[in-house]
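The values are calculated or read from the model by the stated rules, or taken from the named source; none is laboratory data. Quick caveat: nothing in here was measured; it's all calculated off a predicted structure. Neighbour counts are summed over all protein chains in view; Cβ atoms, including those assigned to glycine, are modelled from backbone coordinates with ideal geometry. Accessible surface areas use protein heavy atoms only, side chains included; no ligands, DNA or RNA. Shrake-Rupley method; radii C 1.70, N 1.55, O 1.52, S 1.80 Å.
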Amino acid sequence: MVKQKFKTLACDWLPPAIVRQIRRRRSAGIRFGEEYATWQNATENCTGYDSGGILEKVLDATLKVKNGEAVYERDSVLFDHIEYSWPVLSGLMWVAARNNGRLNILDYGGSLGTSYFQNRKFIGALEQIWWNVVEQSHYVEAGQTHIQDHQLRFYKTIEECLVENEPNVILLSSVLQYLEDPLYLIKKFSASKATCLIIDRTPFSSSNVDKLLVQKVSPPIYSASYPIWIFSMSKFLQILEPDWCLIAKYQSPEGYVNSTNGFEFSFQGLLLELRK
């Protein structure tokens, strides 16, 4: 507890440049390397994210959280305290308040329910809650077998999820940057009945063009590498503008990051409302 308070005070009082350096060192297990011209070229130089070994680590950690043996899991890493994304939780509660205490979430790329377990203490008090994760097939199979309950459910496709649900909020947490065509997905959600879109932990830069890098992850997290988009914030908002109204923009805990070539970007979040 004392250690955590010290970290909070340090971030409040230290100059921003020093805080950035501290965060970069804490993320030493993750590096952002070479820049590529096409998704195919980047993919050919990556190991990918669909390794069975990664799933095993995520499942083991998630079961510990579900069974009360651990407090919080993210990217297969266990924490002794929950790292809340207060803007995300505020957005969820905002949607619930406008829907008579009912929350129906389509959590695209939501792993085995990381965000659900992160926020269940608060959303559990709502009138009704359905948390629907759309993920890769092997994650869905593991989720349905070991994790799923009456509130948390898993689907292999968006279409499969929409057959059983009418989500009022779409959650995209740390997922858009790992898709070959992320803007196609956003346009697809624009046609749904969801009135709120929450984009969390997503890398943006002040550049006027998107950049495609390779993210390399090493132990103690897991060994993997995969393509990652660094979005131009101005271009991104311009594409969203016809369908979505920006309600709030915020900085994610990952903060500012430099690639190995010195390109600076930051992880941010957006809360958007569907235009009527």
Share of pairwise Cα separations in the stretch 207-276, more than 21 Å, in percent: 38 percent
Equivalent ellipsoid dimensions for the stretch 46-140 as semi-axes, Å, which come from the Cα gyration tensor, largest first: 25, 16, 11
Chymotrypsin sites (Phe, Trp or Tyr not before Pro) restricted to the stretch 212-269 and DSSP loop, no more than 15 other C-beta within 10 Å: PHE263
Within the chain, longest stretch free of exposed GluC sites (Glu not before Pro) [DSSP loop, at most 16 other beta carbons within 10 Å]: 181-276
Amide proton proximity set for LEU103, modelled H, under 5 Å, gap of 5+: GLN128, ILE129, TRP130
The stretch 151-256, accessible area per residue, ligands and nucleic acids excluded (1.4 Å, Å²): 42 Å²
Beta bridges by DSSP in the chain, antiparallel share as percent, to the nearest 5: 60 percent
Under the Debye formula (equal points on every Cα, no solvent term), log10 I(q)/I(0) of the stretch 88-194 at q = 0.11, 0.15, 0.19 Å⁻¹: -0.31, -0.59, -0.97
Residue pairs, from the table LYS188/LYS216; LYS156/LYS235; LYS121/LYS188; LYS156/LYS211; LYS193/LYS276, whose Cα atoms sit over 21 Å apart: LYS188/LYS216; LYS156/LYS235; LYS121/LYS188; LYS156/LYS211
Two-decimal ratio, the stretch 147-276, of alpha-carbon radius of gyration to 2.2 N^0.38 Å: 1.14
Unit Cα scatterers, Debye sum, the chain: log10 I(q)/I(0) for q = 0.07, 0.11, 0.17 Å⁻¹: -0.25, -0.64, -1.68
For the stretch 88-102, 3J(HN,Hα) per residue [Karplus equation, 6.51 cos²θ - 1.76 cosθ + 1.60, θ = phi - 60°, Hz, x = Gly/Pro]: 5, 4, 4, x, 5, 5, 4, 5, 4, 5, 8, 10, 6, x, 10
Debye equation applied to the C-alpha atoms of the stretch 35-79, log10 I(q)/I(0) at 0.19 Å⁻¹: -0.63
Carbon plus sulfur fraction of accessible area for the stretch 176-251, probe 1.4 Å, in percent: 55 percent
